[in-house]
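Only one structure is covered here, and it is reproduced in the block below.
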Amino acid sequence: MFRLQESKTLAVDLNGDAVKAKNGSMVAYEGQMSFKKMTGGGEGLRGMVTRRLAGESMAVMQVSGKGTCYFADRASEINLVSLHGDKLYVEASNLLCTDAGLRTGTTFTGLRGGATGNGLFTTTVEGTGQAAIMSDGTAVVLRVSAQYPLFVDPGAYIAHQGNLRQHFQSGVNFRTFMGEGSGESFQIRFEGEGLVYVQPSERNTIGGNV
């Protein structure tokens with residue numbers, strides 16, 4: 001079971017089962033635990049090669065045993081996401097921990113400018129269970145409906161789930177309105193039905209350009 005200790009530490013209660021977590025994110029544990037480094041985000045050689053080509057950096061460890069394990073990363077805020085057979089799309093740098101039974105993968109998201117450490121691909125988490133994602137500051141969960149598309153600055157985007165389509169629009173972004181943009185800027189447009197997780201702080205982008 002995933003639960004939060006305050007807002008920046010994740011406590012996971014294990015009873016002979018396992019979780020996958022960002023390598024090096026364990027800060028304490030109680031009970032009997034074993035730790036195993038996994039290759040390519042737990043996907044084996046093919047997943048590792050895909051991630052290297054994609055620029056998605058995701059070093060993962062598997063934690064199993066009986067007791068409670070605590071995870072945190074650079075005092076980031078932690079947000080719990082429950083999956084019920086659906087799929088979560090999340091930037092690799094924002095994924096902290098998942099139930100071991102959830103499947104992780106990589107998907108092409110389309111041509112866009114990239115945030116540092118992020119490329120044209122996004123990490124996917126699929127199945128039934130819990131995931132913990134991180135944000136710089138308290139995340140805002142925004143609902144997208146068929147009537148109202150949502151526009152997001154790529155530097156503030158964390159994750160999304162649901163039946164959503166995303167498009168990368170060039171020509172304008174939020175900095176452009178303030179006269180701070182340079183070159184060809186862009187934003188993400190989400191359409192459909194679902195949820196988008198946005199952080200109140202932006203990652204450094206490569207010039208904000210496509």
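Derivation of every value follows stated rules applied to the coordinates shown; laboratory data play no part. The structure displayed is predicted, hence computed values, not measured ones. With ideal geometry, Cβ positions are generated from the backbone for all residues, glycine too; neighbour counts draw on all protein chains shown.
Taking the highest mean first, how do the peptides 123-136, 71-84, 88-101 order by number of other beta carbon atoms within 10 angstrom per residue? Before the final figure, lay out the partial values.
On the way: 123-136: 20.4, 71-84: 16.8, 88-101: 21.9.
For the peptides 123-136, 71-84, 88-101, the packing ranking is 88-101, 123-136, 71-84.
So what's the net charge close to residue 134: Lys and Arg +1, Asp and Glu -1, counting the other residues with Cβ under 11 Å from its Cβ?
Values: positive: 8, 22, 74; negative: 73, 77, 91, 136.
Local net charge: -1.
Measuring from label point to label point, each 7 Å out along Cα→Cβ, what is the residue 189 to residue 23 span in nm?
Distance between the two pseudo-spin positions: 4.0 nm.
Based on the mean of other beta carbon atoms within 10 Å per residue, what is the order of 193-200, 153-160, most packed first?
Result, highest mean Cβ count within 10 Å first: 153-160, 193-200.
With a sphere of radius 11 Å drawn around the Cβ of residue 76, what net charge do the other residues whose Cβ falls strictly inside it have (Lys, Arg +1; Asp, Glu -1)? Could the numbers behind the result be given before it?
On the way: positive: 8, 22, 74; negative: 73, 77, 136.
That works out to 0.
For labels at residue 100 and residue 1 in the simple 7 Å Cα→Cβ model, what's the distance in nm?
Distance between the two pseudo-spin positions: 2.0 nm.
Local charge sum around residue 146 (other residues, Cβ-Cβ under 10 Å, Lys/Arg +1, Asp/Glu -1)?
Numbers: positive: none; negative: 191, 193.
Combined, the nearby Lys, Arg, Asp and Glu give -2.
Tell me, in nm to one decimal, what length is gained between residue 36 and residue 62 on full extension, where the rule is 0.36 nm per residue of separation less the Cα-Cα distance?
On the way: separation 26, 0.36 × 26 = 9.36 nm, distance 0.51 nm.
Additional length available on full extension: 8.9 nm.
To the nearest 0.05, what FRET efficiency results for residue 74 and residue 126 with a Förster distance of 25 Å applied to their C-beta separation? Please report the intermediate quantities before stating the final value.
Values: r = 26 Å, r/R0 = 1.06.
So, using R0 = 25 Å, E works out to roughly 0.40.
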